[in-house]
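Read the structure below first, then the notes.
The values are calculated or read from the model by the stated rules, or taken from the named source; none is laboratory data. Keep in mind it's a predicted model, so treat the numbers as computed, not measured. Cβ placement follows ideal geometry from the backbone for every residue including glycine, while neighbour counts extend to all protein chains displayed.
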Amino acid sequence: MNTDLIKKTANTVRGLSIDAIQKANSGHPGLPLGMADVTTVLFNEHLKFNPENPDWFDRDRFVLSGGHGSMLLYSLLHLYGYDLSLDDIKEFRQWHSKTPGHPEVQDTDGVETTTGPLGQGLANAVGMALAETILAAKYNTDIEIINHYTYVTAGDGDLQEGISHEVCSFAGHNKLGKLILFYDSNHITIDGDTKLSFTEDTKKRFEAYDWQVIEIDGHNYNEINEAIKKAKSETEKPSIIICKTTIGFGSPNKAGTHDVHGSPLGEEEIILTKENLDISTEKFYVPDEVYEFTKQKIKKGKEFEELWNELLAKYTKNNEDAAKELKQIIENKLPEIKIEEFETGTKLATRASSGKVIEQLADQLPNLIGGSADLTPSNKTKAKSQSSYSPDNRWGTYIHYGIREFGMAGIMNGIALHGGLIPYGGTFFVFSDYMRSAMRMAALMGIRVIYVLTHDSIGLGEDGPTHQPVEHLASLRAIPNLTVFRPADANETALAWKLALQNTSGPSVLVLTRQGLPTVNRNGRDFAKIEEAEKGAYAVSDDVDFDIILMASGSEVEMAVKAKEMLNKDGIEVRVVSFLSMEVFDNQNDIYKDELLPERCEKRIAVEAASNMSWYKYVGTKGKVIGINKFGASAPYEKLYEEYGITADAVYTAAKNMLN
């Protein structure tokens with residue numbers, strides 16, 4: 001290792017970072033200045049990547065969990081050959097630039113995940129490391145076609161967030177030996193010294209998680225290099241390298257203080273810092289010798305992939321079927337999915353029909369990875385053919401996340417980002433409150449993650465208001481690019497699963513009942529042939545010259561159909577619309593929307609055992625929403641529906657009043 005050139009490169013990273021932050025007059029210089037030494041050694045001496053093919057499947061993954069320090073990553077990506085020019089660096093935090101304030105996976109080659117809220121990058125890294133073990137166990141033979149590490153940097157803020165406890169405990173329990181965490185231990189947060197709020201012994205904490213713990217001077221190149229070697233040699237435990245660093249390293253007047261955390265240094269301090277680091281005071285300066293130095297690693301990166309391609313060719317020759325399957329899942333191709341239709345007259349909770357669908361999917365999708373936050377029997381998320389993942393069974397396709405809902409959601413994001421696997425995970429719908437931030441990040445990144453959220457309403461009954469979701473449907477429907485499905489019966493549940501699997505541009509939520517629901521007779525038509533059902537909303541029961549439209553989702557569709565039957569006896573013609581997914585419906589063309597909800601029919605009623613906020617855009621100013629805008633109660637679910645006025649009789653009465 002050439003420590004002189006490593007130092008020049010690290011200091012160039014520092015110079016680029018503080019210049020970009022100053023030009024933007026916005027950003028966080030403390031982290032790039034403090035962690036430049038560690039990450040430069042990692043990139044130059046250990047990280048396996050090819051900047052000419054950033055998505056090469058067997059690359060090492062590097063995650064900057066403290067995304068506020070994004071200029072550290074951007075500077076490294078520029079120097080190590082990624083498609084990120086000096087002009088891109090100069091556009092830091094500007095409109096439509098490749099260098100947004102926090103790294104965003106869809107914007108910048110070399111960025112593995114969108115890291116915003118602290119701790120979630122660490123969770124994503126755990127998911128990536130988990131995915132590597134699963135794929136290696138399934139596809140490696142005498143040829144190790146899957147063999148890479150996951151590296152992640154995290155600071156005091158990441159480790160204070162509760163999600164870090166969830167996912168680091170999970171990683172230790174599951175012996176994710178190829179996960180290596182660099183802890184930027186500088187004892188400074190925005191408010192000041194960490195003594196204000198954070199005095200735990202991190203070393204003991206991670207030893208208790210059963211991690212390998214290594215402590216180093218984060219500015220000593222030889223110590224950094226040896227620590228990474230030691231971490232890579234430990235295969236039974238994840239490793240944390242506690243890097244004692246100085247935030248704002250090199251700044252004569254601000255290093256080691258909270259003043260350098262989240263504000264530009266200022267022009268004068270930048271000059272003093274560069275002089276102190278013995279680098280040019282010219283803005284955005286990169287010495288030729290640094291470019292020449294990093295070119296060596298860029299060349300080596302191309303060689304890494306070339307060797308892997310040779311290995312893949314040999315692997316394909318010896319393992320034709322496995323290689324074909326691996327290629328399909330890397331390319332994210334779904335086979336044709338076949339799910340048996342449920343017969344009219346059967347009655348199943350949609351969580352139960354979902355379980356039956358999962359039984360069929362598990363046999364058809366070798367890369368479907370299930371799990372639950374300790375609610376497997378309730379969520380019905382484990383197929384009989386799935387075995388439980390463990391250190392002794394790395395190709396188990398079912399993950400026991402433990403009672404760690406937020407951690408589960410963050411880990412699933414990492415699994416999806418790694419590629420090759422389709423993660424789904426279950427819990428009670430009410431606990432989506434714990435998961436929401438990670439669900440939002442999945443939507444922001446546009447990745448395929450599937451959430452199976454059961455016990456969807458007051459219909460869960462006696463557990464009471466603490467476990468009865470009321471505001472949650474409206475809350476999740478408010479997240480852009482998150483598709484929410486609330487199926488009315490078993491066949492809609494099957495369709496929801498198909499649509500969720502086909503949705504490769506964002507996450508999907510299946511919101512499912514505890515109580516049994518009848519399989520709907522859709523005007524005597526074969527459900528599989530009703531194309532409109534795939535459009536998110538459709539006429540589940542219909543009269544030709546309808547006077548009123550009744551709308552519902554999930555368990556309330558049955559009530560709307562019963563109300564229609566009562567109204568038909570009074571000579572009133574009705575259209576009943578089942579809203580499987582508002583998001584899918586909203587994406588349809590105006591012709592279909594106008595046909596289903598024609599302007600001529602202004603008399604509309606929506607019924608849903610939840611907050612009524614989602615429905616006003618469909619019922620219009622002359623319509624009515626029957627919903628729940630207060631918390632639930634503890635009682636049998638039949639009593640609750642009666643007391644809260646969520647019944648077929650209530651819909652019938654509202655319709656009669658509207659028509660009179």
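Looking across region 296-307 at every residue that is closer than 9 Å to residue 50 by Cβ and of a type in the set (A, V, I, L, M, F, W, C), the one that is surrounded by the fewest Cβ atoms within 10 Å (Cβ to Cβ) is identified as 298. Can you confirm whether region 578-597 contains a residue that is touching a residue at least 24 places away in the same chain (Cβ under 8 Å), within 15 Å of residue 457 (Cβ to Cβ) and aromatic (Phe, Trp, Tyr)? The answer is yes; a qualifying residue exists. Whenever a residue of region 70-99 is within 16 Å of residue 284 (Cα to Cα) and among the hydroxyl-bearing types (Ser, Thr, Tyr), it has no partner that is crowded, with 23+ Cβ neighbours inside 10 Å and at pLDDT below 95 lying with C-beta atoms less than 9 angstrom away and at least six residues away or across chains.
Pairing residues of region 473-501 that are assigned by TED's automatic domain parsing to the domain that holds residue 443 and surrounded by fewer than 24 Cβ atoms within 10 Å (Cβ to Cβ) with residues that are basic (Lys, Arg) and in a helix (DSSP H, G or I), at Cβ distances under 6 Å and at least 6 apart in sequence or on separate chains, gives 479/440. Across region 369-420, the number of residues qualifying as at pLDDT 95 or above, surrounded by fewer than 22 Cβ atoms within 10 Å (Cβ to Cβ) and in contact with a helix residue (DSSP H, G or I) (Cβ under 6 Å, 6 or more places away or on another chain) comes to 4.
Can you tell me which residue in region 435-465 is nearest to residue 559 (Cα to Cα), limited to those that are in contact with a Ser or Thr (Cβ under 9 Å, 6 or more places away or on another chain) and among the β-branched types (Val, Ile, Thr)? Within region 435-465, the match that is nearest to residue 559 (Cα to Cα) is 454. Against the test of being under 21 Å from residue 248 (Cβ atoms), hydroxyl-bearing (Ser, Thr, Tyr) and within 30 Å of the chain's Cα centre (by Cα), the options 40, 12 yield a single qualifying residue, 40. For region 86-98, the criterion of being farther than 19 Å from residue 21 by Cα and not hydroxyl-bearing (Ser, Thr, Tyr) is met by no residue. Within region 416-462, the set of residues being assigned to a helix (DSSP H, G or I), farther than 27 Å from residue 61 by Cα and hydroxyl-bearing (Ser, Thr, Tyr) comprises just one member, 432.
Each residue in region 198-218 was checked for being under 29 Å from the mean Cα position of the chain (by Cα) and of a type in the set (S, T, N, Q), and 2 of them qualify. Taking the listed residues 500, 474, the one that is out of contact with any helix residue (DSSP H, G or I) (no Cβ under 8 Å at 6 or more places or on another chain) and part of a helix (DSSP H, G or I) is 500, with no other qualifying. Within this structure, residue 617 fails the test of being at pLDDT 95 or above, in a helix (DSSP H, G or I), within 27 Å of residue 349 (Cβ to Cβ) and of a type in the set (Lys, Arg).
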